[in-house]
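These notes concern the structure reproduced below.
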Amino acid sequence: MSGRSRPTVVVTRRLPAPVEQRLAQEFDARVNQDDHSFTTAELREALRGADALVPTVSDRITAQTLAVEPLRARILANFGVGYNHIDVAAAKARGLVVTNTPDVLTDDTADDAIMLMLMVARRAGEGERHVRSGTWTGWRPTHMLGTKVSGKTLGLIGLGRIGRAVARRAHQGFGMHVVFHDPYPPPANVVADLAAEPKATVEDVLREADFVSLHSPATPETRHLMNAERLALMRPTAFLINTARGDIVDEAALVAALERRQIAGAALDVYEQEPHVTPALLTMENVVLLPHLGSATQETRVAMGMRALDNLAAFFAGSAPRDRVV
Ligand code: DGY
């Protein structure tokens with residue numbers, strides 16, 4: 001493609017170097033040099049001035065943002081699998097194609113969930129803080145006892161790609177009994193291969209599980225799915241793990257459940273108002289907090305970027321992008 005005919009693409013955040021290199025080769029790329037979080041005005045400007053946008057979870061692309069005139073952009077190639085930060089109905093109404101980056105981050109996000117489960121059960125964050133504080137006085141049989149993971153029951157809310165990868169790791173790696181609820185479960189042979197036991201309701205999973213891990217998409221139906229009533233159904237010895245999206249958990253209700261010792265602990269990678277974290281959580285030793293690291297490996301972030309660029313390349317070549325969501 002000649003310089004003049006190359007589509008103009010605004011990328012809202014810095015991307016790993018190999019992705020930015022390809023971006024520069026194939027497109028007239030506008031990179032956010034200092035990696036700041038775009039304002040609504042900048043998003044609107046990009047929609048007016050570029051043929052395509054590569055947004056991320058840190059951009060809120062609302063109907064109002066999309067209501068720019070004239071709208072030049074024709075595609076939003078999201079860098080990430082989750083796209084609840086984009087009003088896809090409004091995007092569709094404006095004739096925009098929206099794509100995401102599934103598959104390539106499944107393993108890393110499943111690893112993240114398992115890491116959080118181990119961290120919260122075995123008090124890893126607390127133990128690390130203890131050593132770094134210089135207050136560790138040495139090994140003793142009663143020091144910092146946690147909760148055993150191997151052989152326990154893991155309850156999965158959602159058995160999509162990432163939920164299945166977590167089930168596989170938990171069952172094959174830790175001999176866990178996996179129970180799940182998914183309103184759209186995978187085919188019976190897939191469930192049987194995972195040795196996962198379906199439950200009719202979310203509540204059935206919560207009552208039985210030693211660990212509850214969330215793997216639902218963020219939709220109006222799943223907002224505050226883990227509310228005060230459902231948290232109260234969990235065992236007082238159970239832990240909640242969230243690597244999906246912050247809005248699935250009512251963070252205020254979670255704080256209350258932890259304060260009342262209704263559950264034993266929580267391990268979170270995502271938050272209702274990222275990057276804001278409800279302050280009470282920061283003070284709790286039985287809570288593990290990570291800064292949305294699910295897909296944060298060099299390999300996967302490059303793969304996500306390449307997948308977003310593949311979607312753009314297909315779109316501008318006149319073919320159907322592989323990961324079109326609307
Ligand atoms: C994803 O891909 O959905 C990650 O959470 C980052 O957005």
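Per-structure values
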item	result
Within the range 115-137, considering residues that are of a type outside the set (D, E, K, R) and not in a helix (DSSP H, G or I), the one farthest from the ligand (Cβ to nearest atom)	Thr137
Residue, nearest to Asn242 (Cα to Cα), within the range 99-114, restricted to residues that are in a helix (DSSP H, G or I) and within 15 Å of the ligand (Cβ to nearest atom)	Ala113
When residues of the range 7-19 are limited to those that are touching a residue at least 12 places away in the same chain (Cβ under 8 Å) and open to solvent by 40 Å² or more (accessible area, probe 1.4 Å), the one nearest to Leu43 (Cα to Cα)	Arg13
Residue match in the range 89-98 (condition: within 16 Å of the ligand (Cβ to nearest atom) and either closer than 30 Å to Val11 by Cα or within 22 Å of the chain's Cα centre (by Cα) (or both))	yes
Filter result for Ala29 (touching an Asp or Glu at 6+ places or on another chain (Cβ under 6 Å), at pLDDT 95 or above and either outside the structural domain of Arg223 (by TED's automatic domain parsing) or open to solvent by less than 60 Å² (accessible area, probe 1.4 Å) (or both))	no
Elements of type strands (runs of 3 or more DSSP E) in the range 2-62, at least 1 residues being closer than 22 Å to Pro275 by Cα and of a type outside the set (Ser, Thr, Tyr)	8-11, 52-54
Filter pass, Gly80 being within 16 Å of the ligand (Cβ to nearest atom), in the same structural domain as Lys199 (by TED's automatic domain parsing) and at pLDDT 95 or above	no
Glu251 surrounded by 14 or more Cβ atoms within 10 Å (Cβ to Cβ), out of contact with any Cys (no Cβ under 8 Å at 6 or more places or on another chain), in the same structural domain as Lys148 (by TED's automatic domain parsing) and at pLDDT 95 or above	yes
Residue match in the range 227-244 (condition: within 15 Å of the ligand (Cβ to nearest atom) and not in a strand (DSSP E or B))	yes
Sole exception among (1) open to solvent by less than 40 Å² (accessible area, probe 1.4 Å); (2) assigned by TED's automatic domain parsing to the domain that holds Glu208; (3) not charged (D, E, K, R) for His276, by number	(1)
Every pair of residues 6+ apart whose Cβ atoms lie under 7 Å, when the first sits in the range 152-177 and is in contact (Cβ under 8 Å) with a residue 24 or more places away in the chain and crowded, with 20+ Cβ neighbours inside 10 Å while the second is acidic (Asp, Glu) and assigned to a loop (DSSP other than H, G, I, E, B)	Lys152/Asp210; Gly158/Asp182; Leu159/Asp182
Output for the range 297-315, where each listed residue is open to solvent by 40 Å² or more (accessible area, probe 1.4 Å) and more than 12 Å from the ligand (Cβ to nearest atom)	Thr297, Gln298, Glu299, Met306, Asp310
Residue within the range 20-34 that is charged (D, E, K, R), within 16 Å of the ligand (Cβ to nearest atom) and without any contact (Cβ under 8 Å) to a residue 24 or more places away in the chain present	no
Residue under evaluation Arg324, criteria (1) in contact with a strand residue (DSSP E or B) (Cβ under 6 Å, 6 or more places away or on another chain); (2) under 18 Å from Ile114 (Cα atoms); (3) surrounded by fewer than 19 Cβ atoms within 10 Å (Cβ to Cβ), criterion not met	(2)
Qualifying residue in the range 36-52 (condition: within 15 Å of the ligand (Cβ to nearest atom), open to solvent by 20 Å² or more (accessible area, probe 1.4 Å) and touching an Asp or Glu at 6+ places or on another chain (Cβ under 8 Å))	yes
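The values are calculated or read from the model by the stated rules, or taken from the named source; none is laboratory data. Bear in mind that the values here come from a model prediction, so they are computed numbers and not experimental data. Cβ coordinates were reconstructed from backbone atoms using ideal geometry, including for glycine residues, and neighbour counts include every protein chain displayed. Surface areas here come from the heavy atoms of the whole protein model, side chains and all, with no ligands, DNA or RNA. Shrake-Rupley method; radii C 1.70, N 1.55, O 1.52, S 1.80 Å.
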